[in-house]
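The values are calculated or read from the model by the stated rules, or taken from the named source; none is laboratory data. A quick note: this is a predicted structure, and the numbers were derived from the prediction, not measured. Here the Cβ positions follow ideal geometry from the backbone for every residue, glycine too, while neighbour counts run over all protein chains shown.
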Amino acid sequence: MSNLNVNDAIDKLSSDDVSIRKEAIESLVGITDENAIDSLIKATTDDNAQVRFKAAEILGNMGDVAVDKLIDEFENAEGKDKRFLAFALKETENKKVIPYFVKSLEDDDFGVRKVAVRALGELQVEDEIDSIAKCLEDEDWGVKLAAIQALGDLATDESIKLIKDARKAESDKDFKKSCNKAIKKAEKRQKAKDSGESIVKLIPMSTIKEMEKTNVQKAIKEYERYVDAKQAKDAPYKRLCVLYRKSNDYDNEVRVIKTACEVFADNAKKLGYFEKRLAKLE
């Protein structure tokens, strides 16, 4: 890992030496400093693919802080330069991006269309199901597959029917397999909805723990999904407490602890751990 501070890293992003730019972008992983946004947006057009992707990922993980500037830049970008901005916007998970992604379903660049339709599924934009369905007729194979995945994310009777119709109309075996996978996911989500469970995208704890070594900000974002869903695992709450304590973010630590106390109210052992931690903070 690089030891560059934020200002030095921002300066070095404009270096002619790609190795220096790579070091700079790695130094900015996990930051939330608004001063870095413009430089990171510029870096999404870097000649080096690693730098471009990392810049987009960092911006996406910044979330609401970066979304407005990303939208402005996205509106004026074209072609490949727009793809990485699209990815960054998708990763913010901010509802503001919805109308821009709907519009982008007709973008000239297939990469932008692919990210846009995928984002609409992940954001559960059910009222744009007709727009998503149109992508099933896209000339690009990747966009068609992304539309199938998006319809699977929506997990409604209508979206499942659209997937089944697309499967019936297509002879390609791999496409049919993708349809089957999307239908299975959608039906599973439907059952969860019917039983009152919250639908949330969770990745394994072991993966998030490894993520802490390279991208703390992203790890926090993923742990927070467990908290938002009020999952009955104490590990995500404990890790968040540790990470928020390290960054002196006591307000968020207290919030997580209080949520944990609510979730584990009937588990004396787990509840005791969080009550003791809260008592030390208050």
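Just name the residue that is surrounded by the fewest Cβ atoms within 10 Å (Cβ to Cβ) out of those in the range 218-241 that are assigned to a helix (DSSP H, G or I) and among the aliphatic types (A, V, I, L, M). So that I can check it myself, show each step before the final result.
Here is the first cut: in the range 218-241, the ones assigned to a helix (DSSP H, G or I) are 218-228, 234-241.
Now drop any that are not among the aliphatic types (A, V, I, L, M), which leaves 219-220, 227, 235, 240.
On the way: Ala219: 22, Ile220: 21, Val227: 16, Ala235: 13, Leu240: 24.
Among them, the one singled out is Ala235.
Going by the conditions given, is Lys54 at pLDDT 95 or above and either under 25 Å from Ala146 (Cβ atoms) or in contact with a His (Cβ under 7 Å, 6 or more places away or on another chain) (or both)? Steps first, answer last, please.
Values: at pLDDT 95 or above: no; either under 25 Å from Ala146 (Cβ atoms) or in contact with a His (Cβ under 7 Å, 6 or more places away or on another chain) (or both): yes.
The answer is no for Lys54.
When the range 262-272 is examined, which residues are found to be over 27 Å from the mean Cα position of the chain (by Cα) and surrounded by fewer than 19 Cβ atoms within 10 Å (Cβ to Cβ)?
We begin by selecting, within the range 262-272, every residue over 27 Å from the mean Cα position of the chain (by Cα); these are 264-272.
Of everything in the range 262-272, those that are over 27 Å from the mean Cα position of the chain (by Cα) and surrounded by fewer than 19 Cβ atoms within 10 Å (Cβ to Cβ) turn out to be Ala265, Asp266, Asn267, Ala268, Lys269, Leu271, Gly272.
Quickly run through the range 116-127 and pick out the residues that are assigned to a helix (DSSP H, G or I), touching a residue at least 24 places away in the same chain (Cβ under 8 Å) and either surrounded by fewer than 20 Cβ atoms within 10 Å (Cβ to Cβ) or not assigned by TED's automatic domain parsing to the domain that holds Glu187 (or both). Break it down stepwise before answering.
Taking the range 116-127 and keeping what is assigned to a helix (DSSP H, G or I), we get 116-122, 126-127.
Applying the additional criterion that residues be touching a residue at least 24 places away in the same chain (Cβ under 8 Å) yields 116-122, 126.
Selection gives Glu122, Glu126.
Listed residues Ile199, Ile163; which is modelled with pLDDT of 95 or more and either out of contact with any Pro (no Cβ under 9 Å at 6 or more places or on another chain) or surrounded by fewer than 16 Cβ atoms within 10 Å (Cβ to Cβ) (or both)?
The conditions single out Ile163.
Could you tell me how many of the residues in the range 94-110 are outside any helix (DSSP H, G or I) and surrounded by fewer than 18 Cβ atoms within 10 Å (Cβ to Cβ)?
Adding up the residues that qualify gives 2.
Here are some conditions: (1) in contact with a Lys or Arg (Cβ under 8 Å, 6 or more places away or on another chain); (2) surrounded by fewer than 17 Cβ atoms within 10 Å (Cβ to Cβ); (3) farther than 30 Å from Gly121 by Cα. Glu253 meets all but one. Which one does it not meet?
Of (1) in contact with a Lys or Arg (Cβ under 8 Å, 6 or more places away or on another chain); (2) surrounded by fewer than 17 Cβ atoms within 10 Å (Cβ to Cβ); (3) farther than 30 Å from Gly121 by Cα, only one is false for Glu253: (2).
For the range 26-42, enumerate the residues that are in a loop (DSSP other than H, G, I, E, B) and under 16 Å from Phe53 (Cβ atoms).
We begin by selecting, within the range 26-42, every residue in a loop (DSSP other than H, G, I, E, B); these are 28-33.
Those that are in a loop (DSSP other than H, G, I, E, B) and under 16 Å from Phe53 (Cβ atoms): Leu28, Val29, Gly30.
Determine whether the range 79-92 contains at least one residue that is free of Cβ contacts under 8 Å to residues at least 60 places away in the same chain and not in a helix (DSSP H, G or I).
Of the range 79-92, the ones free of Cβ contacts under 8 Å to residues at least 60 places away in the same chain are 79-92.
Applying the additional criterion that residues be not in a helix (DSSP H, G or I) yields none.
Within the range 79-92 (the criterion being free of Cβ contacts under 8 Å to residues at least 60 places away in the same chain and not in a helix (DSSP H, G or I)), the answer is no, since none of the residues qualifies.
Could you please find all residues in the range 13-22 being assigned to a helix (DSSP H, G or I), surrounded by fewer than 20 Cβ atoms within 10 Å (Cβ to Cβ) and not hydrophobic (A, V, I, L, M, F, W, C)?
Of all residues in the range 13-22, those assigned to a helix (DSSP H, G or I) come to 18-22.
Okay, now just the ones that are also surrounded by fewer than 20 Cβ atoms within 10 Å (Cβ to Cβ), so 18-20, 22.
Those that are assigned to a helix (DSSP H, G or I), surrounded by fewer than 20 Cβ atoms within 10 Å (Cβ to Cβ) and not hydrophobic (A, V, I, L, M, F, W, C): Ser19, Lys22.
I'm trying to understand the selection: among the residues of the range 23-50, which are farther than 26 Å from Ser247 by Cα and either in contact (Cβ under 8 Å) with a residue 24 or more places away in the chain or crowded, with 16+ Cβ neighbours inside 10 Å (or both)?
Step one: filter the range 23-50 for residues farther than 26 Å from Ser247 by Cα, giving 42-50.
Of everything in the range 23-50, those that are farther than 26 Å from Ser247 by Cα and either in contact (Cβ under 8 Å) with a residue 24 or more places away in the chain or crowded, with 16+ Cβ neighbours inside 10 Å (or both) turn out to be Lys42, Ala43, Thr44, Thr45, Asp46, Asp47, Asn48, Gln50.
If we scan the range 47-54, do we find a residue that is within 21 Å of the chain's Cα centre (by Cα) and within 18 Å of Val65 (Cα to Cα)?
Taking the range 47-54 and keeping what is within 21 Å of the chain's Cα centre (by Cα), we get 49-54.
From what's left, within 18 Å of Val65 (Cα to Cα): 54.
Yes, that holds for at least one residue.
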